[in-house]
Amino acid sequence: MKNIIMTIMVGLFLIGTACSANAEVLLPGALNVAPSGAAAPAGTYVTSITDPFTGTDITNTVYYTGTLTETVLKNTTGMLFEYSFSNNISSKDAITQLATLNYSGYTVSADALMVGGQAGTPSVNGMDRSNGNGDVVTFGWLDNPVNPGQSSGNFWIQTNAPSYQNGSTQLLGAGIASTSTDGPAGFVPSETPLATPEPATMSLLGMGLIGLVKARRQRSV
(Lines give C-alpha, C1' and ligand atoms only; values in the text may rest on other atoms or scores of the structure.)
Protein backbone atom coordinates (compact mmCIF):
# COMPACT_ATOMS: atom_id res chain seq x y z
CA MET A 1 0.00 0.00 0.00
CA LYS A 2 2.85 2.40 0.86
CA ASN A 3 4.42 1.70 -2.54
CA ILE A 4 1.15 2.57 -4.28
CA ILE A 5 0.77 5.85 -2.38
CA MET A 6 4.39 6.83 -3.04
CA THR A 7 4.02 6.08 -6.75
CA ILE A 8 0.90 8.25 -7.02
CA MET A 9 2.47 11.12 -5.04
CA VAL A 10 5.62 11.13 -7.18
CA GLY A 11 3.53 11.00 -10.35
CA LEU A 12 1.38 13.95 -9.26
CA PHE A 13 4.45 15.96 -8.29
CA LEU A 14 6.11 15.37 -11.65
CA ILE A 15 2.92 16.20 -13.52
CA GLY A 16 2.54 19.43 -11.55
CA THR A 17 6.16 20.33 -12.32
CA ALA A 18 5.64 19.71 -16.04
CA CYS A 19 2.43 21.75 -16.15
CA SER A 20 4.02 24.69 -14.34
CA ALA A 21 6.11 25.39 -17.45
CA ASN A 22 2.97 25.88 -19.55
CA ALA A 23 1.44 29.20 -20.53
CA GLU A 24 -1.04 30.95 -18.28
CA VAL A 25 -4.69 30.32 -19.20
CA LEU A 26 -6.63 33.60 -19.30
CA LEU A 27 -10.34 33.22 -18.62
CA PRO A 28 -12.80 36.09 -19.24
CA GLY A 29 -12.56 38.56 -16.37
CA ALA A 30 -9.05 37.47 -15.37
CA LEU A 31 -7.04 40.39 -13.94
CA ASN A 32 -3.32 40.85 -13.25
CA VAL A 33 -2.22 37.29 -14.04
CA ALA A 34 1.56 36.97 -13.71
CA PRO A 35 3.31 35.43 -16.72
CA SER A 36 5.43 32.33 -16.21
CA GLY A 37 8.01 33.01 -18.91
CA ALA A 38 6.98 30.06 -21.10
CA ALA A 39 8.13 30.07 -24.71
CA ALA A 40 5.49 30.22 -27.43
CA PRO A 41 4.23 26.91 -28.84
CA ALA A 42 5.52 25.83 -32.23
CA GLY A 43 3.51 26.58 -35.32
CA THR A 44 3.55 27.10 -39.07
CA TYR A 45 4.20 30.66 -40.23
CA VAL A 46 1.13 32.33 -41.74
CA THR A 47 1.83 36.06 -41.93
CA SER A 48 3.44 38.99 -40.14
CA ILE A 49 2.89 42.72 -39.69
CA THR A 50 5.35 45.50 -38.91
CA ASP A 51 3.49 48.71 -38.13
CA PRO A 52 4.93 52.07 -36.97
CA PHE A 53 2.85 53.81 -34.29
CA THR A 54 2.50 57.23 -32.68
CA GLY A 55 1.04 57.74 -29.21
CA THR A 56 -0.89 60.99 -28.69
CA ASP A 57 -3.44 62.47 -26.28
CA ILE A 58 -6.65 64.37 -27.03
CA THR A 59 -4.64 67.51 -27.79
CA ASN A 60 -2.55 65.58 -30.36
CA THR A 61 0.58 65.94 -28.24
CA VAL A 62 3.01 63.19 -29.27
CA TYR A 63 4.38 61.21 -26.30
CA TYR A 64 6.01 58.27 -28.02
CA THR A 65 6.67 56.65 -31.38
CA GLY A 66 7.87 53.16 -32.21
CA THR A 67 7.27 49.99 -34.19
CA LEU A 68 5.07 47.00 -33.40
CA THR A 69 5.75 43.57 -34.90
CA GLU A 70 3.18 40.77 -34.94
CA THR A 71 3.68 37.24 -36.29
CA VAL A 72 0.75 34.88 -36.87
CA LEU A 73 1.28 31.11 -36.68
CA LYS A 74 -1.07 28.14 -37.02
CA ASN A 75 -0.76 24.92 -35.00
CA THR A 76 -2.91 22.00 -33.87
CA THR A 77 -4.57 24.16 -31.18
CA GLY A 78 -5.50 27.03 -33.50
CA MET A 79 -4.04 30.45 -34.24
CA LEU A 80 -1.06 31.87 -32.34
CA PHE A 81 -0.29 35.60 -32.24
CA GLU A 82 3.21 36.73 -31.22
CA TYR A 83 4.09 40.37 -30.45
CA SER A 84 7.01 42.64 -29.70
CA PHE A 85 7.51 46.39 -29.97
CA SER A 86 10.13 49.08 -29.60
CA ASN A 87 9.85 52.57 -28.13
CA ASN A 88 11.98 55.00 -30.13
CA ILE A 89 14.78 56.73 -28.26
CA SER A 90 13.38 60.08 -29.40
CA SER A 91 10.10 59.47 -27.52
CA LYS A 92 9.12 61.67 -24.58
CA ASP A 93 7.43 59.01 -22.46
CA ALA A 94 7.26 55.31 -21.58
CA ILE A 95 4.78 52.70 -22.81
CA THR A 96 3.06 50.82 -19.99
CA GLN A 97 0.45 48.59 -21.65
CA LEU A 98 -0.52 46.82 -24.86
CA ALA A 99 -4.17 45.86 -25.42
CA THR A 100 -5.42 43.76 -28.33
CA LEU A 101 -9.05 43.08 -29.26
CA ASN A 102 -11.62 40.54 -30.47
CA TYR A 103 -10.85 37.51 -28.24
CA SER A 104 -14.41 36.98 -26.99
CA GLY A 105 -15.60 33.42 -27.57
CA TYR A 106 -12.15 31.87 -27.81
CA THR A 107 -10.00 29.95 -25.37
CA VAL A 108 -6.90 31.99 -24.62
CA SER A 109 -3.53 31.13 -23.12
CA ALA A 110 -0.80 33.74 -23.04
CA ASP A 111 2.68 34.41 -21.72
CA ALA A 112 5.78 36.57 -22.00
CA LEU A 113 9.08 34.90 -22.86
CA MET A 114 11.28 37.63 -21.40
CA VAL A 115 10.43 37.70 -17.70
CA GLY A 116 13.24 39.59 -16.01
CA GLY A 117 14.77 39.39 -19.51
CA GLN A 118 18.01 40.57 -20.96
CA ALA A 119 19.47 44.03 -20.33
CA GLY A 120 17.25 46.76 -21.70
CA THR A 121 14.22 44.47 -22.00
CA PRO A 122 11.44 45.27 -19.50
CA SER A 123 9.47 42.30 -18.21
CA VAL A 124 5.70 41.89 -18.35
CA ASN A 125 4.33 41.93 -14.80
CA GLY A 126 0.64 41.35 -15.45
CA MET A 127 -1.78 40.01 -18.05
CA ASP A 128 -5.53 40.73 -18.15
CA ARG A 129 -8.53 39.49 -20.07
CA SER A 130 -11.11 42.15 -19.34
CA ASN A 131 -14.32 43.76 -20.64
CA GLY A 132 -16.42 41.07 -18.95
CA ASN A 133 -16.67 38.83 -21.99
CA GLY A 134 -12.89 38.48 -22.30
CA ASP A 135 -12.68 40.43 -25.55
CA VAL A 136 -9.58 42.45 -24.61
CA VAL A 137 -6.22 40.84 -23.80
CA THR A 138 -3.79 43.24 -22.11
CA PHE A 139 -0.10 42.96 -21.27
CA GLY A 140 1.21 45.41 -18.66
CA TRP A 141 4.65 46.81 -17.84
CA LEU A 142 3.37 49.09 -15.07
CA ASP A 143 6.26 48.46 -12.64
CA ASN A 144 8.92 48.36 -15.35
CA PRO A 145 7.68 50.34 -18.38
CA VAL A 146 9.16 50.25 -21.86
CA ASN A 147 11.10 53.51 -21.79
CA PRO A 148 12.42 55.45 -24.79
CA GLY A 149 15.16 53.42 -26.48
CA GLN A 150 13.89 50.09 -25.06
CA SER A 151 12.16 47.06 -26.55
CA SER A 152 9.39 45.01 -24.97
CA GLY A 153 10.70 41.49 -25.45
CA ASN A 154 8.49 38.74 -26.85
CA PHE A 155 4.95 37.89 -25.72
CA TRP A 156 2.20 35.84 -27.30
CA ILE A 157 -1.43 34.68 -27.29
CA GLN A 158 -2.55 31.14 -28.23
CA THR A 159 -6.19 30.69 -29.25
CA ASN A 160 -8.42 27.91 -30.53
CA ALA A 161 -9.54 30.10 -33.45
CA PRO A 162 -9.40 28.25 -36.80
CA SER A 163 -8.41 31.36 -38.73
CA TYR A 164 -7.52 35.06 -38.43
CA GLN A 165 -8.78 38.44 -39.60
CA ASN A 166 -7.85 42.11 -39.47
CA GLY A 167 -7.99 43.59 -35.99
CA SER A 168 -6.40 46.33 -33.92
CA THR A 169 -3.97 46.77 -31.05
CA GLN A 170 -3.37 49.77 -28.82
CA LEU A 171 -0.23 50.83 -26.95
CA LEU A 172 -0.89 52.96 -23.89
CA GLY A 173 1.04 55.35 -21.68
CA ALA A 174 0.55 59.07 -21.39
CA GLY A 175 -0.92 58.79 -24.89
CA ILE A 176 -2.66 56.12 -26.96
CA ALA A 177 -1.37 54.60 -30.20
CA SER A 178 -3.56 52.43 -32.43
CA THR A 179 -2.01 49.91 -34.82
CA SER A 180 -3.33 47.53 -37.47
CA THR A 181 -2.83 43.90 -36.46
CA ASP A 182 -4.45 40.50 -36.96
CA GLY A 183 -6.67 38.68 -34.46
CA PRO A 184 -8.67 35.44 -34.18
CA ALA A 185 -11.53 34.62 -36.56
CA GLY A 186 -14.05 31.81 -37.00
CA PHE A 187 -16.23 31.92 -33.89
CA VAL A 188 -15.84 29.00 -31.49
CA PRO A 189 -18.64 29.04 -28.85
CA SER A 190 -16.44 27.93 -25.97
CA GLU A 191 -14.53 29.56 -23.14
CA THR A 192 -13.42 26.27 -21.57
CA PRO A 193 -9.63 25.82 -21.70
CA LEU A 194 -8.55 23.02 -23.99
CA ALA A 195 -7.76 19.96 -21.86
CA THR A 196 -5.64 17.94 -24.30
CA PRO A 197 -2.70 16.50 -22.29
CA GLU A 198 0.78 17.29 -23.51
CA PRO A 199 3.10 14.37 -24.50
CA ALA A 200 5.20 14.89 -21.38
CA THR A 201 2.12 14.72 -19.16
CA MET A 202 0.88 11.56 -20.90
CA SER A 203 4.29 9.95 -20.42
CA LEU A 204 4.27 10.75 -16.70
CA LEU A 205 0.76 9.36 -16.34
CA GLY A 206 1.89 6.17 -18.07
CA MET A 207 4.85 5.83 -15.72
CA GLY A 208 2.54 6.24 -12.73
CA LEU A 209 0.17 3.54 -14.00
CA ILE A 210 3.03 1.12 -14.66
CA GLY A 211 4.29 1.64 -11.11
CA LEU A 212 0.79 1.07 -9.74
CA VAL A 213 0.43 -2.22 -11.62
CA LYS A 214 3.85 -3.43 -10.42
CA ALA A 215 2.99 -2.59 -6.82
CA ARG A 216 -0.27 -4.54 -7.03
CA ARG A 217 1.50 -7.56 -8.52
CA GLN A 218 4.09 -7.55 -5.74
CA ARG A 219 1.32 -7.38 -3.15
CA SER A 220 -0.55 -10.33 -4.68
CA VAL A 221 2.57 -12.60 -4.73
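A few remarks follow.
- Look at (1) more than 24 Å from ASN125 (Cβ to Cβ); (2) in contact with an Asp or Glu (Cβ under 9 Å, 6 or more places away or on another chain); (3) modelled with pLDDT of 95 or more and you find that THR67 fails only one, number (1).
- Residue among GLY105, GLY153, GLY149, GLY140 that is within 14 Å of the chain's Cα centre (by Cα) and at positive phi: GLY153
- Hits in the stretch 150-164 - residues which are farther than 15 Å from ALA110 by Cβ and at pLDDT 95 or above: PRO162, SER163, TYR164
- Taken over the stretch 1-40, residues that are at pLDDT 50 or above, outside any strand (DSSP E or B), buried (at least 16 other Cβ atoms within 10 Å of the Cβ) and at negative phi amount to 7.
- Spans of strands (runs of 3 or more DSSP E) in the stretch 95-184 with at least 2 residues surrounded by fewer than 18 Cβ atoms within 10 Å (Cβ to Cβ): 126-130, 163-173
The values are calculated or read from the model by the stated rules, or taken from the named source; none is laboratory data. Worth saying up front: this structure is predicted, and the values here are computed from it rather than measured. Heads up, the Cβs are rebuilt from the backbone with ideal geometry, glycines too, and the neighbour counts pull from every protein chain shown.
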